[in-house]
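Visitor: First, the structure itself, so that you have it in front of you.
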Amino acid sequence: MPDLAGLDHEAHVERAIALAREAGERGDGPYGSLLVVDGDVVMEETNREWTDDDIALHPELTLARRAARELTAEERDRAVMYTSTEPCPMCSGGITISNLGAVVYSVSGERAAAEFGGNEGVPCGEVFERRGRDIEVVGGVLESEGLDVHREFRDA
């Protein structure tokens, strides 16, 4: 389990939002994520579902799959997924299966649905709990900045 108290959540979420902006500028949905182990960024991804023509290429699921292949079980347990928006149920399942230690996000699915319409999905913590995993979740980090990147590309 990672020690979340010693991590700079805002700096990592800022990077996730910058990655989301990169995805939006490329024509994909504005979502970005990174994986941090022991305070170091070890992987980054952007949403690629349109540019790579694969609806499963959300950054969280891509990172969970890479982590399962490239990191040891101990590293995955200490890993924190930082993401611009709360992971959807598909991505939350991948995070659970790959045994990541924690998730920190900017905008919740509930807030995104209230702000922009659509389905809020199932909160990631609920998915983790249903799967019997104790994955710590911190939400709402730099929420207004996370909402801004969605506004920027929803209006484009």
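Visitor: Using a basic spin-label model with each label point 7 Å from the Cα along Cα→Cβ, how many nm lie between VAL42 and GLU115?
Guide: 3.0
Visitor: Still on this structure: Need one value: the accessible area of MET1 in square angstrom, 1.4 angstrom probe, rounded to the nearest 10.
Guide: Its heavy atoms expose roughly 100 Å² to the probe.
Visitor: Percentage of Cα-Cα pair distances in the chain greater than 19 Å, rounded to whole percent?
Guide: Considering the chain, 47 percent of its Cα-Cα pairs are separated by more than 19 Å.
Visitor: Taking a 1.4 Å probe, which of TYR31, TYR82, TYR105 shows the most accessible area, and what order do the others take after it?
Guide: Heavy-atom accessible area, descending, gives TYR31, TYR105, TYR82.
Visitor: If you don't mind, there's one more thing I want to ask. May I ask for the net charge around VAL42, where only other residues with Cβ less than 11 Å from the Cβ of VAL42 are counted and Lys, Arg are +1 while Asp, Glu are -1?
Guide: Once all neighbours under 11 Å are counted, the net charge is -2.
Visitor: Which listed residue (VAL141, GLY101, TYR82) has the Cα farthest towards the positive end of the charge dipole for region 4-153, taking +1 on Lys and Arg C-beta and -1 on Asp and Glu C-beta about the Cα centre?
Guide: Sorting the options by dipole projection puts first GLY101.
Visitor: Follow-up. State to the nearest 20 debye the size of the charge dipole of the chain about its Cα centre, where the only charges are +1 on K and R beta carbons and -1 on D and E beta carbons.
Guide: So the dipole magnitude of the chain works out to roughly 400 debye.
Visitor: Under a 1.4 Å probe, what is the accessible area of the chain per residue, stated in Å²?
Guide: 47
The values are calculated or read from the model by the stated rules, or taken from the named source; none is laboratory data. Here the structure is a predicted model, which means the values were calculated and not measured. We place every Cβ from the backbone using ideal geometry, glycine too, and count neighbours over all the protein chains shown. Only protein heavy atoms, including side chains, enter the accessible area calculation; ligands, DNA and RNA are left aside. Shrake-Rupley method; radii C 1.70, N 1.55, O 1.52, S 1.80 Å.
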